Amino acid sequence: MTTPKPSSKTPTTMPTTTTTTTTIWSTKLKSKCAILTLNASRESLQTISKWMIFHRKHSKSFVSSLLHLILTEKKLVERKMLYMTILHEVLLSHSALEQQEGGGGGGEGFGTSELKWEKMTEFRNAVGDVVTDVMEHLGECFAKEKEEKKEQMVEKIK
């Protein structure tokens, strides 16, 4: 998978993605994400992230699907943040931070979490390939939304 490159630095430009073939795994992930509400519980987001972790061999399909969802969502920045939260949960899985918060699953022997952490390397690398462009895009979306709200407030005052 190649990393998407922004075509320019204008606030409304989205990074372009290469043509992706829709796999059954990306279709399943998109359907799981489609049923999420804006106030989805942390458990709902963790369920999706744990499903992705279990099927980590398809990490490139998952990352490209989430990237596509983030970049094509037209209206709600909140929805984009749901997808970023899922990615965040995946990235933290089996980390030392998760172990400190009690997410270790209990009863694991010494070295088990390190082994699981290593197994997630490919997934983390796939996310790392695109995260900079995604974060730039989200920053632009937040700036645009802030400007629109500012304009609405000015109109109300007039």
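The values are calculated or read from the model by the stated rules, or taken from the named source; none is laboratory data. Values in this document were obtained by computation on a predicted structure and should not be read as measured data. Neighbour counts run over all protein chains shown; Cβ positions are idealised from the backbone, glycine included. Accessible surface areas use protein heavy atoms only, side chains included; no ligands, DNA or RNA. Shrake-Rupley method; radii C 1.70, N 1.55, O 1.52, S 1.80 Å.
A quick yes/no check of all residues on (1) in contact with a Cys (Cβ under 9 Å, 6 or more places away or on another chain); (2) open to solvent by 30 Å² or more (accessible area, probe 1.4 Å); (3) at pLDDT 90 or above; (4) not β-branched (Val, Ile, Thr):
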| site | (1), (2), (3), (4) |
| --- | --- |
| LYS5 | no, yes, no, yes |
| ILE24 | no, yes, yes, no |
| LYS28 | no, yes, yes, yes |
| SER41 | no, yes, yes, yes |
| MET52 | no, no, yes, yes |
| HIS58 | no, yes, yes, yes |
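Check off (1) out of contact with any helix residue (DSSP H, G or I) (no Cβ under 7 Å at 6 or more places or on another chain); (2) at pLDDT 85 or above for LEU67 and give me the number that stays unchecked. Going through the list (1) out of contact with any helix residue (DSSP H, G or I) (no Cβ under 7 Å at 6 or more places or on another chain); (2) at pLDDT 85 or above, LEU67 breaks only (1). Looking across segment 109-156, the residues that are in contact with a Ser or Thr (Cβ under 8 Å, 6 or more places away or on another chain) and charged (D, E, K, R) come down to LYS116, GLU122, ASP129, ASP133, GLU140, LYS144. Of the set (1) touching a residue at least 12 places away in the same chain (Cβ under 8 Å); (2) open to solvent by 40 Å² or more (accessible area, probe 1.4 Å), all apply to ASP133 but (2).
Scanning for something among the polar types (S, T, N, Q), out of contact with any strand residue (DSSP E or B) (no Cβ under 8 Å at 6 or more places or on another chain) and without any contact (Cβ under 8 Å) to a residue 40 or more places away in the chain, does segment 47-56 turn up at least one residue?
In the first step, residues of segment 47-56 are kept if they are among the polar types (S, T, N, Q); the result is 47, 49.
Those still in the list that are out of contact with any strand residue (DSSP E or B) (no Cβ under 8 Å at 6 or more places or on another chain) too: 47, 49.
Applying the additional criterion that residues be without any contact (Cβ under 8 Å) to a residue 40 or more places away in the chain yields 47.
Yes, there is a match, as at least one residue in segment 47-56 is among the polar types (S, T, N, Q), out of contact with any strand residue (DSSP E or B) (no Cβ under 8 Å at 6 or more places or on another chain) and without any contact (Cβ under 8 Å) to a residue 40 or more places away in the chain.
Is at least one residue of segment 136-147 in contact with a helix residue (DSSP H, G or I) (Cβ under 9 Å, 6 or more places away or on another chain), aliphatic (A, V, I, L, M), surrounded by 13 or more Cβ atoms within 10 Å (Cβ to Cβ) and modelled with pLDDT of 85 or more? Checked against the condition, which is being in contact with a helix residue (DSSP H, G or I) (Cβ under 9 Å, 6 or more places away or on another chain), aliphatic (A, V, I, L, M), surrounded by 13 or more Cβ atoms within 10 Å (Cβ to Cβ) and modelled with pLDDT of 85 or more, segment 136-147 yields at least one hit.
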